[in-house]
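Visitor: Once you've had a glance at the structure underneath, I'll fire off some questions.
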Amino acid sequence: MATEVKVPTLGESVTEASIGELLKNVGDSVAVDEPIVSLETDKVAVEAPSPIAGVIKEFKVAVGDTVEVGAVLAVIEEGGAGAAPSSEPKAEAPDAGVEKAAPAQAKEATGSDASQTLSPAVRRAVLEHGVDPSTIKGTGKDGRLTKEDVIAAAKAKGDSPAPAPAPASSAPAPGATGERREERVKMTRMRQTIAKRLKGAQDNAALLTTFNDVDMSAVMEARGKYKDMFAKKHDIRLGFMGFFAKAACLALKDVPAVNAYIEGDEIVYHDYVDISVAVSAPNGLVVPVIRDAQDKGFARIEKDIADFGKRAKEGTLTMEDMKGGTFTISNGGVFGSLMSTPIINPPQSAVLGLHRIEDRPVVVDGEVVIRPMMYIALSYDHRLIDGREAVTALKIIKEAIEDPTRMLIDL
């Protein structure tokens with residue numbers, strides 16, 4: 001008996017998605033609840049599982065297609081044995097927006113392990129870095145390879161990215177001194193949404209950024225003193241984000257406009273702090289939310305952040321994880337950023353940008369000393385937040401980080 005696999009419910013107000021990846025081939029055997037199609041929505045990737053155990057008879061969609069909730073994705077024949085895996089790479093849809101690699105490299109990238117299905121991003125990374133995907137241990141869901149796995153493997157080998165050789169040509173272009181390549185890849189639905197939202201923030205809000213710098217000595221000393229005990233008791237590493245999240249809660253309590261947003265001709269204030277934490281995922285930046293951060297301790301906040309980071313890498317964050325949020329913290333310092341002007345996450349009115357820590361000379365009590373310093377930035381919607389309020393909020397965060405005791409006694 002044949003059974004149809006349909007697009008599952010995607011979340012509140014989400015009615016359609018794009019086909020990001022076909023996780024199986026026609027003729028493959030599948031188990032009950034085994035994912036067969038990866039769907040990309042505006043915010044997260046969702047996998048469509050098989051409702052029965054059987055063999056994939058046909059796919060009704062191709063990579064890049066837009067589908068609505070309830071649409072048929074594939075047909076599965078109940079029972080039976082799957083066909084032997086093909087040694088040839090799976091054919092891509094003509095309009096999937098994925099680069100067509102040279103035959104030899106395509107076999108190396110996708111045919112070296114027939115049981116391994118590579119996403120377009122991973123396939124490009126494999127070709128660029130010249131690594132064998134069958135030798136890499138995947139850290140994604142169900143052991144699948146991620147782009148980060150490929151890059152890490154390339155770094156471990158000490159290889160630098162090298163472009164794939166161009167297909168042989170009977171006559172080289174006149175004056176050509178080396179290989180020149182172009183690649184056109186269709187934007188994922190998530191990337192399209194990110195682009196629209198960030199451009200909308202520029203168009204609709206009066207954006208302004210105020211800066212300050214923070215002496216990280218006290219926080220670094222506290223981490224160095226208590227990190228082992230903290231990890232032993234709470235089974236989580238003590239990081240910097242917990243300090244900044246709690247410092248932000250103090251600031252937002254004293255300056256409520258920074259925790260509010262504009263809706264029509266009204267200002268919506270919140271008596272709670274839901275902090276959106278910018279996390280890098282394979283398909284783009286996502287912002288899962290730490291709910292009621294004002295009531296959580298350092299350990300709970302650090303565990304939430306670690307869980308978000310792990311699930312973002314695996315692609316298992318849900319729509320509910322990213323719903324809402326009253327304030328955002330973005331840490332560009334993990335990528336080496338010295339200073340930036342972060343952009344707000346609509347409809348929120350402010351975002352705190354963190355940056356790398358570096359030793360710099362500063363004047364303390366009339367003497368020049370070397371201290372670990374970090375630039376911090378607060379971008380805000382000037383329609384709602386005045387300069388005085390923004391500067392005050394950032395100053396409260398600075399003072400709390402430089403004297404963490406303030407966070408314990410609510411100063």
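FYI, it's all coordinate maths here, none of it is from the lab. Small disclaimer: the values here were computed from a predicted structure and weren't measured. In this analysis, Cβ positions are derived from the backbone assuming ideal geometry, glycine residues included, and neighbour counts consider all displayed protein chains.
Visitor: What percentages make up the Cα-Cα pair-distance distribution of the stretch 180-280 when the bins are 5 Å wide from 0?
Guide: In whole percents, the pair-distance histogram is 2, 8, 11, 15, 16, 15, 11, 10, 8, 4, 1, 0.
Visitor: Can you tell which of Thr193, Val219, Ala205 lies farthest toward the positive end of the dipole of the stretch 179-221, using +1 and -1 charges on the Cβ of basic and acidic side chains (Lys, Arg; Asp, Glu)?
Guide: Result: Thr193.
Visitor: Could you sort out which of Lys137/Lys233; Lys233/Lys296; Lys24/Lys57; Lys147/Lys196 sit more than 20 Å apart by Cα distance in this structure?
Guide: Check vs 20 Å cut-off fails for Lys137/Lys233; Lys147/Lys196.
Visitor: Further question: If amide H atoms are built 1.01 Å from N in the plane of the peptide, which residues on other chains or at least 5 residues away come under 5 Å of the amide H of Ala281?
Guide: For Ala281, whose amide H was placed from the backbone, the distant partners under 5 Å are Val286.
Visitor: Can you tell me the order of 179-186, 356-363 when each peptide is scored by its average per-residue count of other Cβ atoms within 10 angstrom, highest first? Don't jump to the answer; show the numbers that get you there.
Guide: Details: 179-186: 9.2, 356-363: 12.5.
Order by mean packing, descending: 356-363, 179-186.
Visitor: Calculate, in whole percent, how much of the Cα-Cα pair population of the stretch 308-411 lies beyond 23 Å.
Guide: Values: 2317 of 5356 pairs.
Result for the distance tail: 43 percent.
Visitor: Hey, which of these cross-link pairs are over 20 Å Cα-Cα: Lys225/Lys313; Lys60/Lys313; Lys6/Lys60? Intermediate values should be presented prior to the final figure.
Guide: Numbers: Lys225/Lys313 31 Å; Lys60/Lys313 28 Å; Lys6/Lys60 10 Å.
Check vs 20 Å cut-off fails for Lys225/Lys313; Lys60/Lys313.
Visitor: Per 5 Å bin, what is the whole-percent P(r) computed from every C-alpha pair distance within the stretch 257-328?
Guide: Bins of 5 Å from zero give 3, 17, 24, 22, 16, 10, 6, 2, 0 percent of pairs.
Visitor: Give the separation of the Cα centroids, the stretch 191-251 to the stretch 1-41, in Å.
Guide: 36
Visitor: Another question, then. Which cross-chain or sequence-distant (5 or more) residues have an amide H under 5 Å from the amide H of Ile290, H modelled 1.01 Å from N in plane?
Guide: Ile275, Ser276, Val277
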